[in-house]
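A.B. asks: Take a look at this one; I'll ask things after.
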Amino acid sequence: MSLPNSHEVLLRNRHLMQGRLALLGVSAGELLTDLPAGGMAMSEHAGVCASLSGRDGWQICFGYDDPALAAGTFDTLVVFLPKARAELDLRLALARWLAAPRARLVLVGEKKEGIAGAVKQLKAVASQATKTDSARHCQVWCAENIEPLPEFSLREWMTWTGIDCQSVHLDVAGLPGIFSLGELDEGTRLLMETLDRAPLRSGPVLDFACGAGVLGAWLHRWQERQDLSRLTIDGIDVQSQAVICARATYERNGVSGRIMASDGLPGIEGSWPVILSNPPFHSGVRTDLSMTERFLREVVRHLAPGGEVRLVANSFLPYEPLMKRCIGPVERLRENQRFSVYRAFRRS
């Protein structure tokens with residue numbers, strides 16, 4: 001399996017990796033095989049972390065709050081460019097907190113991912129940074145003797161946004177890199193409107209790709225306004241920041257339910273009479289339907305007999321025939337110029 005360009009160009013610069021090594025934002029486990037000295041590898045993606053595990057000499061950390069992360073530990077810190085520009089500041093802050101005295105910081109990223117703009121963020125914390133390589137559509141920047149950060153608290157990076165929909169107000173937690181930070185995206189709003197106009201038949205509920213917990217918190221508050229019984233609303237997401245934010249959102253809004261980190265459904269036990277989703281269709285800067293297609297093929301194993309799957313997606317995405325084939329009869333509850341909300345019930 002070929003490595004991402006950013007990982008390939010890092011291997012061209014092995015000489016930069018000296019002493020105790022930390023890799024922040026790894027996306028392919030094969031990289032560790034080509035770096036036999038070992039070290040620490042962090043990813044905010046649960047599936048990537050699973051693929052990294054079990055490699056001799058490597059400590060694997062999931063996300064920015066992994067308890068194994070320790071201050072002042074590493075001599076070389078490699079930061080891969082995240083897809084969200086705001087997340088780079090967070091990743092650089094973590095790198096500086098992890099850095100030992102006189103540590104080296106290496107930033108790697110592709111041109112199409114925005115490495116040119118990212119260099120400005122790097123120089124804001126390491127003005128002495130210089131470009132050391134340019135290959136495979138990537139750039140490598142290096143800063144010597146970076147200034148360590150004395151403290152790092154993920155909670156200090158958390159923001160709160162008030163959201164209103166169908167006369168329901170809730171507070172939603174946010175962290176850099178999370179989907180729809182600081183706003184309610186149009187697709188989720190459309191899905192919420194269908195939950196108001198075509199209420200669910202029963203609970204408990206699973207929110208797949210739950211993000212910051214918006215759907216679960218809104219549904220909980222909507223049930224309260226209708227004087228209906230409280231629902232248990234579980235959530236699954238692949239991203240560490242989403243899991244952290246969803247748990248915080250649930251706590252603030254009094255929602256009952258588990259928030260689980262998982263790359264899809266195979267690692268999850270249980271079944272639900274209702275499964276909701278506003279699934280992602282991007283991987284980095286590329287369109288990627290594989291996660292949602294895999295979800296639709298696997299969801300029936302976790303759906304109670306006669307249970308409902310309701311999801312919102314961009315109207316051009318080919319999910320309706322796949323839902324019909326994998327779950328059962330499908331109907332469009334709502335649609336606008338961009339999004340469609342589909343509902344399917346499991347065949348008996």
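A.B. asks: Quickly rank 17-25, 228-236, 331-339, 262-270 as a protection proxy: mean count of other C-beta atoms within 10 Å, highest first.
C.D. replies: On the way: 17-25: 20.8, 228-236: 18.9, 331-339: 13.2, 262-270: 14.8.
Those peptides, ordered most packed to least, come out 17-25, 228-236, 262-270, 331-339.
A.B. asks: For the chain, give the magnitude of the charge dipole about the Cα centre (Cβ charges: +1 Lys/Arg, -1 Asp/Glu; no others), in debye to the nearest 20.
C.D. replies: Numbers: 39 positive and 39 negative charges, 121 e Å.
In total the dipole reaches around 580 debye.
A.B. asks: Considering the zone a paramagnetic label at Asp196 would reach in this model (a point 7 Å from Cα along the Cα-to-Cβ line), which residues of segment 249-263 have amide N under 17 Å from it?
C.D. replies: none
A.B. asks: Students often forget the sequence filter, so: which lysines lie under 20 Å Cα-Cα from Lys131 once same-chain residues fewer than 8 apart are removed?
C.D. replies: Lys131 reaches Lys111, Lys112, Lys120, Lys123.
A.B. asks: Okay, next question. Output the antiparallel fraction of DSSP beta bridges having both residues in the chain, as a percent to the nearest 5. Please report the intermediate quantities before stating the final value.
C.D. replies: On the way: 33 of 68 bridges.
Restricted to the chain, the bridges split so that about 50 percent are antiparallel.
A.B. asks: When the chain is fully extended, how far beyond the present Cα-Cα distance does Ala68 get from Arg252, taking 0.36 nm per residue of separation? It would help to have the intermediate numbers written out before the result.
C.D. replies: Details: separation 184, 0.36 × 184 = 66.24 nm, distance 2.68 nm.
Contour length minus Cα-Cα distance gives 63.6 nm.
A.B. asks: If I take every Cα pair under 8 Å that is 6 or more residues apart in the chain, average their sequence separation and divide by the length, what percent do I get for the relative contact order? Present the calculation step by step, with values, prior to reporting the outcome.
C.D. replies: Numbers: 730 pairs, mean separation 41.7, N = 348.
Contact order relative to length: 12 percent.
A.B. asks: Another question, then. Given a cut-off of under 8 Å on Cα pairs at least six residues apart, what relative contact order in percent is computed for segment 293-348?
C.D. replies: Values: 90 pairs, mean separation 24.0, N = 56.
About 43 percent, as a whole number.
A.B. asks: Rg and Dmax of segment 134-217, using alpha carbons, in Å: what are they?
C.D. replies: 19.5, 60
A.B. asks: Show me, bin by bin at 10 Å from 0, the whole-percent P(r) of the chain based on Cα pairs.
C.D. replies: 5, 24, 30, 21, 14, 5, 0
A.B. asks: I need the peptides 191-199, 318-326, 136-144 ranked by packing, meaning the mean over residues of other C-beta atoms within 10 angstrom, with the highest value on top. Each step should come with its number before you reach the end.
C.D. replies: Working: 191-199: 17.7, 318-326: 15.2, 136-144: 19.3.
Descending packing order for the listed peptides: 136-144, 191-199, 318-326.
A.B. asks: If the viscosity is 1.306 mPa s and the temperature 10 °C, what translational diffusion coefficient in µm²/s does Stokes-Einstein give for segment 253-348 when Rh comes from Kirkwood over Cα pairs?
C.D. replies: On the way: Rh = 14.2 Å.
Reported coefficient: 112 µm²/s.
A.B. asks: Related question: Suppose the chain between Arg325 and Arg14 were pulled fully straight at 0.36 nm per residue; how much longer would it get relative to their current alpha carbon spacing? Mind showing how you got there, number by number?
C.D. replies: Values: separation 311, 0.36 × 311 = 111.96 nm, distance 4.89 nm.
Net length gain for the segment: 107.1 nm.
A.B. asks: Give the residue from Gly328, Ile236, Asn278 lying farthest towards the positive end of the charge dipole for segment 218-348; charges sit on Cβ (+1 for Lys and Arg, -1 for Asp and Glu) and the dipole is referred to the Cα centre.
C.D. replies: Going by the Cα projections, it comes out as Gly328.
A.B. asks: Cut-off 18 Å, label point 7 angstrom out along Cα-to-Cβ of Ser290: give me the residues of segment 44-77 whose amide nitrogen falls inside.
C.D. replies: Under cut-off, by backbone N: 44-53.
A.B. asks: In segment 205-250, carbon and sulfur make up what percent of the accessible area (probe 1.4 Å)?
C.D. replies: Details: 530 of 1350 Å².
So the carbon and sulfur contribution to the accessible surface is 40 percent.
A.B. asks: When only Cα pairs under 8 Å and 6 or more residues apart are kept, what is the percent relative contact order across segment 214-348? All intermediate terms of the calculation are to be shown ahead of the outcome.
C.D. replies: Values: 214 pairs, mean separation 24.2, N = 135.
Contact order relative to length: 18 percent.
A.B. asks: Also: For Asn314 paired with Glu30, estimate the spin-label separation in nm (one decimal), with each label point 7 Å from Cα along the Cα-to-Cβ line.
C.D. replies: 2.7 nm
The values are calculated or read from the model by the stated rules, or taken from the named source; none is laboratory data. All of these numbers come straight from a predicted model, not from anything done at the bench. Glycine also receives a Cβ, built like all others from the backbone with ideal geometry; neighbour counts cover every protein chain displayed. Accessible surface is based on the protein model in full, side chains and every heavy atom, while ligands, DNA and RNA are left aside. Shrake-Rupley method; radii C 1.70, N 1.55, O 1.52, S 1.80 Å.
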